[in-house]
Amino acid sequence: MNESEIFSRLLTVIQTYRATEKEGKVLEYRSPNTLAEILNLDGPEKNGDWDAVFEWVEKYLTYSVKTNHPAFVNRMWVGANLPSVVGEIITAVTNTSACTFESGPVSTLIEKYMIEQMLEITGFVQGEGQMTTGSSNANMIAMMSARNTWNAQVKIDGLTGQKKLFAFVGADAHYSMDKAANILGIGTGQLIKVTLNDNGEMVPEALRQSLEKVVAEGGAPFFVAATAGTTVRGAYDPILPLVQLRKQFGFWLHVDGAWGGAAVFSPKLKAKYLAGLEEADSFTCDFHKMLGSSLVCNILLINKSVHTFGNVLSAGDGSYLFRDEHVSEVEDFGTVSLQCGRRVDSLKWFLDWKYFGKEGFARRVEGYLLLCEYAEKLVRKSPELEMVVDRTAFNICFRYKVAEERANSFNLGLRTTLYQEGLSLVGVAYIDGKMVMRLLLTNPATTHVDVDKFFERVIEVGNRLLKHENG
Ligand SMILES: *Cc1c(COP(=O)(O)O)cnc(C)c1O
């Protein structure tokens, strides 16, 4: 098979997949053991056999989760925007590293351009930014920037002999904060989980008390993170009261907008959910979540920066890569990234940006919120279903109503049945010990009819399981 035949076959495979990815089951479920047998990964190696390559591709596609299917409501991302898919293909074909201007001239300029755009939208002045490998790592870099800003000497001396450092997050903050505390030598024991109100939002007064306690005991509160859209409940921690507390305690204020940070595109939603964001020290947002760019696509921004990334992240001798004579021309992103090789994540993002525009993103996010309101109404109207907690933004945490003592096992069974029958893939989580199904609507093609169908299936399968139990 020559290259032209390979590419035309590939295109046919892609088109066939795309043509049917919204139909039928959301996946052909097989148990791990059965799937392993079907795949037979240990099968013969046939050197240079293109037919064999395409056979593997077919197997991969047959048993993959169709993330663009309307019944895929499991995660914060879905099948990617088409312009970003085009960008990904070009990125793969051109295979380079975005660590230097030398190896990625266009990607470097695109990344800088996108950072400028995002700084402006966020309201950060004299800021800097970088695309990272996702919000988990962006949160860690933010915490690291806070740590080394608190004491620049930590970079050389480490934490030994320093005051004990304390970081503060809401009790529902993403687990990547615990990982960051571990990796950065803070220790998870020094990551204080601040009390939430009934809506799942951080209580500023509780934060103030925790800060005072730490200070009184001789600790140093160096980092506070507000979550803009918590992963399970979708709650937005209030930013403005934290800005006030920063005046007194002098910590670094980070906003984790991995999920709900996308509201920044809509002036209306920004005012409602992100008031005070422009006063934060750093902000991260995943473009691969609500905004639909293909995984991974993230931005981390720093406000009023004095070359923070350079001071905090640069280390070691990279002169074989980053040559001084280029620095004046354009600064290389590789000098301030965690890793050496950097995947080009900027092209797909840029193509989405140009295709949909800022307005397009704003309308998309606003549209999701309307759809969420509709979904919540359906739950509240249905005699079979109930909201487990109130919806404050984008997350709908509901369950099928049965006696409290068996609600968890029943709903888990219901959710597993939906998954294994390929009817729907919906997330699960626990809120105060109660299992909830977490409906997330992040597919721009999703309509009211899809939402209707989703709940119809949940009710249908729930009723069937009940009948089965009783009969
Ligand atoms: C998804 C999420 C993260 C992690 O982001 P990744 O890009 O998957 O690493 C962090 N914080 C919140 C609030 C999230 O929802």
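The values are calculated or read from the model by the stated rules, or taken from the named source; none is laboratory data. What you are looking at is a predicted structure, and each value in this text was computed from that prediction instead of being measured. No Cβ is skipped: glycine too gets one built from the backbone with ideal geometry, and neighbour counts run over all protein chains shown. Just the protein is used for accessible areas: all its heavy atoms, side chains included, with ligands, DNA and RNA removed. Shrake-Rupley method; radii C 1.70, N 1.55, O 1.52, S 1.80 Å.
Search the stretch 27-42 for residues that are under 18 Å from Val53 (Cα atoms) and pair each with any residue that is outside any loop (DSSP other than H, G, I, E, B) and of a type in the set (D, E, K, R) when their beta-carbon atoms are under 8 Å apart and the residues are at least 6 apart or on different chains.
Once the first residue is under 18 Å from Val53 (Cα atoms) and sits in the stretch 27-42, its partners that are outside any loop (DSSP other than H, G, I, E, B) and of a type in the set (D, E, K, R) give Ile38/Lys59; Leu39/Lys59.
Is there any pair with a first residue in the stretch 207-233 that is closer than 16 Å to Phe249 by Cα and a second that is within 16 Å of the ligand (Cβ to nearest atom) and assigned to a loop (DSSP other than H, G, I, E, B) whose Cβ atoms are under 6 Å apart and which are 6 or more apart or on different chains, and what are they?
As it stands, the answer is Ala226/Asp237; Ala226/Ile239, since those pairs meet every condition given.
Taking the condition open to solvent by less than 20 Å² (accessible area, probe 1.4 Å) and touching a residue at least 40 places away in the same chain (Cβ under 8 Å), does Ala280 pass?
yes
Give me the pairs: first residue in the stretch 1-12 and in contact (Cβ under 8 Å) with a residue 40 or more places away in the chain, second residue surrounded by fewer than 13 Cβ atoms within 10 Å (Cβ to Cβ) and not β-branched (Val, Ile, Thr), beta-carbon distance under 8 Å, and six or more apart or on different chains, which are they?
From residues that are in contact (Cβ under 8 Å) with a residue 40 or more places away in the chain, the pairs are Met1/Asp51.
In the stretch 92-127, which residues are open to solvent by 10 Å² or more (accessible area, probe 1.4 Å), touching a helix residue (DSSP H, G or I) at 6+ places or on another chain (Cβ under 6 Å), modelled with pLDDT of 95 or more and under 20 Å from Arg343 (Cβ atoms)?
Matches in the stretch 92-127: Ser107, Ile110.
Take the stretch 58-82 and flag every residue that is touching a strand residue (DSSP E or B) at 6+ places or on another chain (Cβ under 7 Å) and either without any contact (Cβ under 8 Å) to a residue 40 or more places away in the chain or part of a loop (DSSP other than H, G, I, E, B) (or both).
The answer is Val65, Lys66, Ala71, Asn74, Arg75, Val78.
Can you tell me which residues in the stretch 258-285 are within 15 Å of the ligand (Cβ to nearest atom), closer than 16 Å to Glu366 by Cα and not in a loop (DSSP other than H, G, I, E, B)?
If the condition is that a residue be within 15 Å of the ligand (Cβ to nearest atom), closer than 16 Å to Glu366 by Cα and not in a loop (DSSP other than H, G, I, E, B), then Gly260, Gly261, Ala262, Ala263, Val264, Tyr273 are the ones that fit.
What's the total number of residues in the stretch 53-85 that are of a type in the set (D, E, K, R) and either crowded, with 21+ Cβ neighbours inside 10 Å or farther than 25 Å from Gly43 by Cβ (or both)?
2
Has the stretch 138-148 got at least one residue that is open to solvent by less than 60 Å² (accessible area, probe 1.4 Å), more than 16 Å from the ligand (Cβ to nearest atom), assigned to a helix (DSSP H, G or I) and closer than 15 Å to Arg343 by Cα?
No.
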